[in-house]
Amino acid sequence: MNSSTMESENRESSLLRQVGVCLTRCMRSFRNENGWKQIVSVGLITILIASVTGDDLFVTFKATRNGCFALVCACIWTGIFNSIRSICRERDIIRREHRTGLRMSAYVMAHMIYEGLLSMSEALVATLLTWLVNRSHFMKGGVIFPAGVEMWIEFFLIIYAADVMAMMISSIVTNENTAMTVMPFALIIQMIFSGTVFELEGIAEKFSHLTIARWGMNALSASSDVNRMSFISYYKELESTPINLGKAWLILLAFAIVYGVLSWIALLNVDRY
């Protein structure tokens, strides 16, 4: 085995070891700070939404679109709240550890794994409660997988994309106060440019394709087959087809990956700011 191969293996081993250490710290923080409360809050928000959507959810076009919009907003809020302060509050620790050999790639990877696990748990709670409250009129069948599985995937991807977006914001800002100031604007932008509340045209319509809310709505609407419920309008991008649904899923996943890379780039300058 030549020296370059050994160096490569050592680097990989060091990276994985650092990921493990950072991930363990995230898990410890979850336990010490009662992170389970975040999961409980998702359940409470889901029940509140379910209490006002009524028996027309997944039955009529308007109720389904409004209900899906409320669920998408709840998922985005959940994701943003998960990590909006997670990086900036550790900035001094990160700076110190970076100077002693911590790789920012390992740190970001560990947080993305942790946030992914948390998002999966939150999505599962939201899905189960949505099904439980609406079981008599829940989606009859899925496009690719069973309806409940599709909803869990969609909730997870929306929460996770918003979560990593908030992690990116937390990597850029320098303190928690700034992070909490930016948070409402991040949510409002998602709501406005979702294409649900306002009819978007021109640049605004094009910009909406860069929002998590737009693709989250597309995914949930396709799974719900909202076109079948409408006798007035027909939306091609909401067609209940594997291509449309798969496209929405992939774009949501791409958002998370891009935001993760941007978080890593921002943290490379942690020693300067």
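Using beta carbons and a limit of 8 Å, which pairs, at least six apart or on different chains, have the first residue in segment 208-233 and under 19 Å from Ile189 (Cα atoms) and the second one among the acidic types (Asp, Glu) and surrounded by fewer than 24 Cβ atoms within 10 Å (Cβ to Cβ)? Close Cβ pairs (under 8 Å, with a partner that is among the acidic types (Asp, Glu) and surrounded by fewer than 24 Cβ atoms within 10 Å (Cβ to Cβ)) amount to Asn218/Glu237.
If you filter segment 142-156 down to residues that are touching a residue at least 60 places away in the same chain (Cβ under 8 Å) and over 22 Å from Ile47 (Cβ atoms), you find that the one that is surrounded by the fewest Cβ atoms within 10 Å (Cβ to Cβ) is Ile144. Summed over segment 28-64, residues that are surrounded by 11 or more Cβ atoms within 10 Å (Cβ to Cβ) and among the acidic types (Asp, Glu) total 2.
Scanning segment 142-184 for residues that are within 9 Å of the chain's Cα centre (by Cα) and of a type outside the set (Gly, Ala, Ser) turns up Phe155, Phe156, Leu157, Ile158, Ile159, Tyr160, Asp163, Val164, Met165. Of the set (1) free of Cβ contacts under 8 Å to residues at least 24 places away in the same chain; (2) within 21 Å of the chain's Cα centre (by Cα); (3) farther than 22 Å from Ile153 by Cα, all apply to Val197 but (1).
Note on segment 17-58: residues that are closer than 16 Å to Glu122 by Cα, outside any helix (DSSP H, G or I) and out of contact with any Ser or Thr (no Cβ under 8 Å at 6 or more places or on another chain) total 1. Checked across segment 122-142, the condition of being touching a Phe, Trp or Tyr at 6+ places or on another chain (Cβ under 9 Å), within 29 Å of Ile192 (Cα to Cα) and of a type in the set (Gly, Ala, Ser) holds for at least one residue.
Met139 fails exactly one of the following numbered conditions: (1) at pLDDT below 95; (2) surrounded by 21 or more Cβ atoms within 10 Å (Cβ to Cβ); (3) among the aliphatic types (A, V, I, L, M); (4) under 22 Å from the mean Cα position of the chain (by Cα). What is the number of that condition? Failed condition: (4). All conditions but one from (1) touching a residue at least 24 places away in the same chain (Cβ under 8 Å); (2) buried (at least 20 other Cβ atoms within 10 Å of the Cβ) apply to Gly67; the one that does not is (1).
Results for (1) at pLDDT 95 or above; (2) closer than 25 Å to Ile265 by Cβ; (3) surrounded by fewer than 19 Cβ atoms within 10 Å (Cβ to Cβ); (4) not polar (S, T, N, Q), shown as yes or no for each residue.
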{"site": "Val173", "(1), (2), (3), (4)": "no, yes, no, yes"}
{"site": "Glu176", "(1), (2), (3), (4)": "no, yes, yes, yes"}
{"site": "Phe198", "(1), (2), (3), (4)": "no, no, yes, yes"}
{"site": "Ala204", "(1), (2), (3), (4)": "no, no, yes, yes"}
{"site": "Phe207", "(1), (2), (3), (4)": "no, yes, yes, yes"}
{"site": "Ser221", "(1), (2), (3), (4)": "no, no, no, no"}
{"site": "Tyr235", "(1), (2), (3), (4)": "no, no, yes, yes"}
{"site": "Leu238", "(1), (2), (3), (4)": "no, no, no, yes"}
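The values are calculated or read from the model by the stated rules, or taken from the named source; none is laboratory data. This is a predicted model, so every value here is computed, not measured. Cβ coordinates were reconstructed from backbone atoms using ideal geometry, including for glycine residues, and neighbour counts include every protein chain displayed.
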